[in-house]
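Single-structure report; data block below.
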Amino acid sequence: MEIEIVTADDSNLTRRIAEDLRQRVRAIPGSLRKPIAVTIGPVALRREVTQRTGGVILSAYTSSQVWHAIGATQPGVEISGVYAEPNPADQLGLVALLYRRPVRVAAILSSDAAFFRPLLPSVSIEPFGEKDDINKVLNRMAQTQVLLALPDRAVFTTENVRNILLSTYRHGQGVIGFSADMVKSGALATTFSDLQDINIQLTEIIAAYALGGDLPPPQFPRYFRTIVNEGVARSLNLALDDGIRHYARRPVGVPR
């Protein structure tokens, strides 16, 4: 079975991801109709999209925004993968558990992240342009109870993140982050997927393809757990229970 793990650096994390994935794909039965390159991170994905002339590219550990920015592949190359960030549907499920009542949820999106809009029919979208001031945008949504943070590089810059977290805290708004690190920095909560979760999902995609299935479109992580900033939850008068702390979807045989 021709499966190549493509990396662009030799960091400890990249080596761990690649070795775990190699162990998993060795056990996949069947044969592939086309060779598959699994790219670890955005640099490896960009390189493969530019250079590969046939087969399949499976992208992993790359945000949906970067995936969409890369655009069409070379003729004859199929591309799919698993995005790096949480599924907005799972994040909204977490909002429902946290608040236990209908609340207004907003998201701030630039034009580069417009592909999120069809996924958020119940979310109020605040547009963010190149010349917009993040504080003015935040003031416009001051009556919204929840900000759903999406990995939009135009919005969540290093300079903006602190302002966003401080402003929403002052307004009594909960921020559903897009990474565990964001929760540790002051967001309310998020779902998150570790390398085991992502690698199991990639293995399932490859296994289904080897059995004669079609290559699916790119997808958000299927398996996840939850992290909550309990200090922020207390400040928002949110009562936490095990249903929130253990909100998860785990692979068969893998504990919560």
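Would you mind counting up the charge near L150? Only other residues with Cβ under 12 Å from its Cβ, with Lys and Arg at +1 and Asp and Glu at -1. Don't skip to the answer; put the middle values down first.
On the way: positive: R117, R153; negative: E85, D112, E126, D152.
Its environment carries a net charge of -2.
Along the charge dipole of segment 53-157, Cβ charges K/R +1 and D/E -1, which of G55, P121, L150 sits furthest on the positive end?
P121
Would you mind classifying segment 103-256 by shape? Square roots of the alpha carbon gyration tensor eigenvalues, ordered a ≥ b ≥ c; an a/c under 1.5 is rounded, otherwise it is prolate if a/b is larger than b/c and oblate if not. Walk me through the numbers before you get to the answer.
Numbers: a/c = 2.43, a/b = 1.44, b/c = 1.69.
Verdict is oblate for segment 103-256.
Summing +1 for each Lys or Arg and -1 for each Asp or Glu, what net charge is found among the other residues whose Cβ lies under 10 Å from the Cβ of K34?
-1
Between segment 137-188 and segment 2-43, how many Å separate their Cα centres?
Each part reduced to its Cα centre gives a spacing of 34 Å.
Go through V82, M141, L109 and say which Cα lies farthest out towards the positive end of the charge dipole of segment 52-141; charges sit on Cβ, +1 for Lys and Arg, -1 for Asp and Glu.
Value: M141.
Tally Lys/Arg at +1 and Asp/Glu at -1 over every other residue whose Cβ is under 11 Å from the Cβ of M141; what's the total?
Values: positive: R104, K136, R140; negative: E126.
Summing Lys/Arg as +1 and Asp/Glu as -1 gives +2.
Place a +1 charge on the Cβ of each Lys and Arg in segment 175-246 and a -1 charge on the Cβ of each Asp and Glu, then give the dipole magnitude about the Cα centre in debye, rounded to the nearest 20.
180 debye
Between A142 and R15, what is 0.36 nm times their sequence separation minus the Cα-Cα distance? Round to one decimal in nm. Don't jump to the answer; show the numbers that get you there.
Values: separation 127, 0.36 × 127 = 45.72 nm, distance 4.39 nm.
Between A142 and R15, full extension yields 41.3 nm more.
Taking 0.36 nm per intervening residue step and subtracting the Cα-Cα distance, what contour gain separates Q23 from V103 on full extension?
Contour length minus the Cα-Cα distance gives 24.4 nm.
Taken together, the values in this text are just the output of simple stated rules run on the coordinates, not laboratory data. All values derive from a computational prediction rather than experimental measurement. Note that we place each Cβ from the backbone using ideal geometry, even for glycine, and neighbour counts take in every protein chain shown.
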